Amino acid sequence: MTDVRDHLIGTVLVANRGEIACRVFRTCRELGIRTVAVHSDADANALHARVADTAVRLPGATPAETYLRGDLIVKAALATGADAVHPGYGFLSENAEFARAVLDAGLVWIGPPPEAIEAMASKTRAKELMGLPLLGEPTEADLPLLVKAAAGGGGRGMRIVRRLEELSAALEGARAEAASAFGDGEVFVEPYVEHGRHVEVQVLADTHGTVWALGTRDCSLQRRHQKVIEEAPAPGLPEALTEELCTLAVRAARAVAYVGAGTVEFLVADGKAHFLEMNTRLQVEHPVTEAVFDIDLVALQIAVAEGRALDTDPPRARGHAVEARLYAEDPATDWTPQTGTLHRLTVPDSIRLDTGYDDGTEIGVHYDPLLAKAVAHAPTRAEALRKLAGALERATIHGPTTNRDLLVRSLRHEEFTSAAMTTSFYDHHLTDLTGSTPDPYAPLAAALADAHGRSRFGGGWRNVPSQPQLKRYETAGEEIEVRYRHTRAGLEADGARIVHADAALVVLEVEGVQRKFEVTRYADEVYVNATRLRALPRFSDPATQLAPGSLVAPMPGTVVRIAEGLGEGAAVTAGQPLVWLEAMKMEHRIAAPVTGTLTTLHAAVGHQVTVGSLLAVVEPT
C-alpha cells in the first residue's frame, strides 16, 4: 500500500459485540491502536467488554436493541476520545444513517460511504441499480418461491413457499422477523432455486480509484439460509466463470463508488451467475480470504479509512482455506439454539479460532448462537478439509450442545469433498449427518472416574461379595445404567479390563485394545472425551415426570405467535406447528409431539418462557 494518510487513527470504538468485536480488537492491538467496547447489561462480563482498553455500558429496552442505539454509540465514542468507529457485521453495520451520524460527529467511519450503503441497503433497489444478471420475476409457474427481507441478512426474514396458499403466512412471518432483527419489515419475493451454489466475491476499494477482487468463496452449506461452512476459493468453477464473477463484483463496487471491504453475492445455477446482493461490510467468513491471500482485512479496512492507497494489483492467492461455524444449537431438533455455561472451548493449535467467548461464559438467549469460527489453511482443498475435520474432532467443547459432530461429518461427506454440494445439502443429508453415536464405554468411564478416590474400605467396598455399584446417566436422550465393583484388587467392571482409573483419566482394555477416556465433571454434567453425559439420581421422582403429549419450551424465549384458531379441545396432528418462540434473533416453531386433542394451552403471546416450561398438552389418540 502507498503510505499516504489523511488521518492516523489512534482509538477505535467497535459498535458491535462478541466474536467480531474481539476480532477487530486483536488487529487494533497489533497496530498499536487503542480500543473501546460498548456493551448491554447482559454483556457486562462478556469477553469483548473485558479485552477492550475501555468499555461503555449502553442502556436499551432489550439486550439486542442496545446495539441498535446509534445515538448512544456515537456519544460513547466522543466521551472516550475515540476518533474512529468500526461497525463489525450485523446490527448497524449496514445502516447508512448511523454511518452519517458517525461522520457528522467528526469521527472516522471504517466502512463504505453512506451513499453506497444506502444504494445497496435494500435488495430490491440494489437489483434495479446494478444492471447485473438476476433471477427474474416470480410467477406461479416458478414455485417454489423465496420470501426475503429487503434489509439485513443472516437468514433472517426468509421463508420458502412451495404452495401458493402458504404465501400469506410466509409474508407475515418474514415481515415480523425482519422488523425485529433489522427494524425494517420490507420483504420481496423471488424464485427459489433448489440446487444452486452460493458463491461470493470479496472486494476491497480505496479512495484513490483502485478496486481489488480478492477471489471467490463458496458458502453453499447453509441452514435456514445462514452459512455453516465456507471456503476459498470456490471449488470446481470453470476459470471463465470465476473471471466473470470477479469482473461483475468490481463493476458492482464501481457502480456505487464503493470504499472499504464488501462482498458481492451470487447464485450460480446451470453454469450461470445471478446477482443476489452486495453486503456493504466485512463478512463473517472473511478469514478464509485472509488465509488464502495472506492478508489482514481489518488492517486493510483501517488503512483505507486512513486514506492510504492500495497497490494496483491485489496479492496472489495461495492454497485453500475452509471455515466452519461452531453454533450452540442441536441440528437434530430443527437447529434448536442451546443455552448454558460454556465451561471449556479449545482446539488444536494447527487451526485458527475466532470467538467471542472464553471458559466459564454464559451462553444466553439474546444473541445469535455462534460460538466460534474454526479456520484451516493448507496447500490443497483436500488437505484443508482433512485438517479442519481432524481439529474439530479433537476439540474440547464442554457446555451447551453444539453442531460440532455435524461439521466434522459434513467436511468428510462425499458430496462435499467432491465439490458437488448445493444450497440444499442439508435438506437431503441432515438425518444421516445427525445420527447419534455416543461412545458405549463413556458411561462406564464416567462411573469409574467418579468412584476413584473413595476409601478402599468405604464408599462401596464390602468384606463379602455384594451387589455391584450402580450409576445412571443420560446421553443423547437415552438413559444408561452401568455397574462396577470395589474389590480387594481394586475396581472391576463387566465387559472391560480396567487398566487405570482416576478422577480425570480412565484407561480400559476392550477386546485387547486399550482406550483412553478423559473425564471432566461440572456438577451433574460429565464429559468423557467428546461424549456429554448427565448424571441421574438412582431413583427417579414420579412427581417430575411429564404427561404424555406434553409440549415444552426447548429454549428460553418469547412466545410470538400461536397457531390460528388454536384452543383447548382443538384436534391437532403430530408435527403440526402450534407455538412460535423468538430466541437468539430467530423464530422457532414448536410442533405437536403427537396426534390428539389439545387439552391444555399455557402459552400466550408475549409470555417469556424458560427451558422446560410447559406450553401445552396434547392428549394422544
Expected vector for the range 376-389, Karplus 3J(HN,Hα) from phi with 6.51, -1.76, 1.60 and θ = phi - 60°, integer Hz, x for Gly and Pro, equals 10, 10, 8, x, 10, 5, 4, 5, 5, 5, 4, 4, 6, 4
Given the candidates H208, Q283, P59, the one whose Cα lies deepest towards the positive end of the charge dipole of the chain, counting +1 at each Lys or Arg C-beta and -1 at each Asp or Glu C-beta, is P59
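For the range 465-542, what is the relative contact order in percent, using Cα pairs closer than 8 Å and at least 6 residues apart in sequence?
Values: 119 pairs, mean separation 18.7, N = 78.
Averaging sequence separation for qualifying contacts and normalising by length gives 24 percent for the range 465-542.
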Ranked from fewest to most other Cβ atoms within 10 Å of their own Cβ, T62, T437, T289, T280 fall in the order T437, T62, T289, T280
In debye to the nearest 20, the charge dipole size for the chain, taken about the Cα centre with +1 at each Lys and Arg Cβ and -1 at each Asp and Glu Cβ, equals 1800
Residue separation between A179 and A79 times 0.36 nm, minus their alpha-carbon distance, gives in nm 32.9 nm
Taking M158, M120 and counting other beta carbon atoms within 10 angstrom, the fewest-first order is M158, M120
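What 222 nm value per residue comes from the helices of the chain, counting each DSSP H run with n ≥ 4 as -39,500 (n - 2.57) and dividing by all residues, nearest 500 deg cm²/dmol?
Working: 16 runs with 155 residues, N = 621.
Value at 222 nm, helices only: -7000 deg cm²/dmol.
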Placing +1 on each Lys and Arg Cβ and -1 on each Asp and Glu Cβ in the chain, then taking the dipole about the Cα centre, the residue among G569, A176, L385 whose Cα reaches farthest towards the positive end is L385
Interchain or sequence-distant (5+) residues whose placed amide H lies within less than 5 Å of the amide H of G157 are A178
Checked the chain with the C-alpha gyration tensor, a ≥ b ≥ c its square-rooted eigenvalues, rounded below a/c of 1.5, otherwise prolate if a/b is larger than b/c and oblate if not; verdict prolate
Contact order relative to length for the chain, counting C-alpha pairs under 8 Å separated by 6 or more residues, stands in percent at 10
A correct Karplus calculation of ³J(HN,Hα) over the range 260-275, with 6.51 cos²θ - 1.76 cosθ + 1.60, θ = phi - 60°, whole Hz and x for Gly and Pro, returns x, 8, x, 9, 9, 9, 9, 9, 9, 9, 6, x, 10, 9, 10, 5
Any residue on another chain or 5+ positions along whose placed amide H is under 5 Å from the amide H of T402 is listed here as E329
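Going by how many other beta carbons lie within 10 Å of each one, how would you line up D43, D359, fewest first? Don't jump to the answer; show the numbers that get you there.
Working: D43 26, D359 13.
Ordered from fewest to most neighbouring Cβ atoms within 10 Å, D43, D359 come out as D359, D43.
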The relative contact order of the range 197-433, taking Cα pairs under 8 Å that sit 6 or more residues apart, comes to a percentage of 20
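Readers should treat all values here as calculations from the given coordinates under stated rules, not as data from a laboratory. If you're wondering where the values come from, they're calculated on a predicted model, not measured in any experiment. For neighbour counting, all protein chains shown are included, and Cβ atoms are generated from backbone atoms with ideal geometry for every residue, glycine included.
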